[in-house]
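Have a look at the structure below, then the notes.
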Amino acid sequence: MPDVSRFLKSWDNRLPMSRGSEYRTSEWGNINATGGVHTSFAPDAGPGDSTWPIIVEAGIRPLVVALTERIGAVTYDSCEGHLYPLELGVAPAVRRVGLLPRNSEEWSALVPFLLRAVSDVQRRSTSRTVELSVLRSRLWSLKKPSIVWEVIDLEFAPSLHASWESYFSDVDEVCALLVTALLREHEV
């Protein structure tokens, strides 16, 4: 990310970060800078942008909206997941969303909150093709590469023996269960 501190400041102050024209959509639903399947780069965007949350891919949008508008979290990355035709020669992409805690207190609150919601989904879901994980990762600012931000990634991965087709037939339902669990957990 070019400048994590600036991104957070723009997010929290609901300042525009992008111009909607900076996004293109592929015929497979990828929304990024080129509208291609070989890139995941997209200009930064957030609640201050006039195109928010329309510029978030449709399959992940309900989760991103729940996390950002209802729970107050910051997202820095998302993908609805994509199954491409074999002739493209592009590997499928899993559904995921990245969260950028503002500070260590928010990190400490978000992780157990997300783990409880994921545990709820695991109890309720009948899907055996989608594994939902809360992952710890790192994000570097290109402006200040010596500063590392601890981030949280929610990943919907195919289970070990699942086909991509069965994964994609179940991932919407698992994602909807997670949205419900997050909102239920948030109300407690």
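Read-outs: derived from the displayed coordinates by stated rules, not from any lab. Keep in mind that what you see is a predicted model, and the values were worked out from it rather than measured. When we count neighbours, we look across all protein chains shown, and the Cβ atoms used for this are built from the backbone with ideal geometry, even at glycine.
Residues in the range 1-33 that are loosely packed, with under 14 Cβ neighbours inside 10 Å, in a loop (DSSP other than H, G, I, E, B) and polar (S, T, N, Q): ASN13 alone.
Among the residues of the range 109-153 satisfying the criterion of being assigned to a strand (DSSP E or B) and of a type in the set (Gly, Ala, Ser), which is surrounded by the most Cβ atoms within 10 Å (Cβ to Cβ)?
Looking at residues that are assigned to a strand (DSSP E or B) and of a type in the set (Gly, Ala, Ser), I get SER137.
Is it true that some residue in the range 89-96 is part of a loop (DSSP other than H, G, I, E, B), of a type in the set (D, E, K, R) and more than 12 Å from ILE31 (Cα to Cα)? Among the residues of the range 89-96, not one is part of a loop (DSSP other than H, G, I, E, B), of a type in the set (D, E, K, R) and more than 12 Å from ILE31 (Cα to Cα), which makes the answer no.
Taken together, the criteria place GLY59 among residues that are closer than 25 Å to GLU187 by Cβ, surrounded by fewer than 20 Cβ atoms within 10 Å (Cβ to Cβ), out of contact with any His (no Cβ under 7 Å at 6 or more places or on another chain) and small (Gly, Ala, Ser). Considering the range 2-29, and only residues there that are touching a residue at least 12 places away in the same chain (Cβ under 8 Å) and touching a strand residue (DSSP E or B) at 6+ places or on another chain (Cβ under 6 Å), the residue that is farthest from LEU83 (Cα to Cα) turns out to be VAL4. Filtering the range 42-67 to residues that are more than 22 Å from LEU15 (Cβ to Cβ) and part of a helix (DSSP H, G or I) leaves PRO62, LEU63, ALA66.
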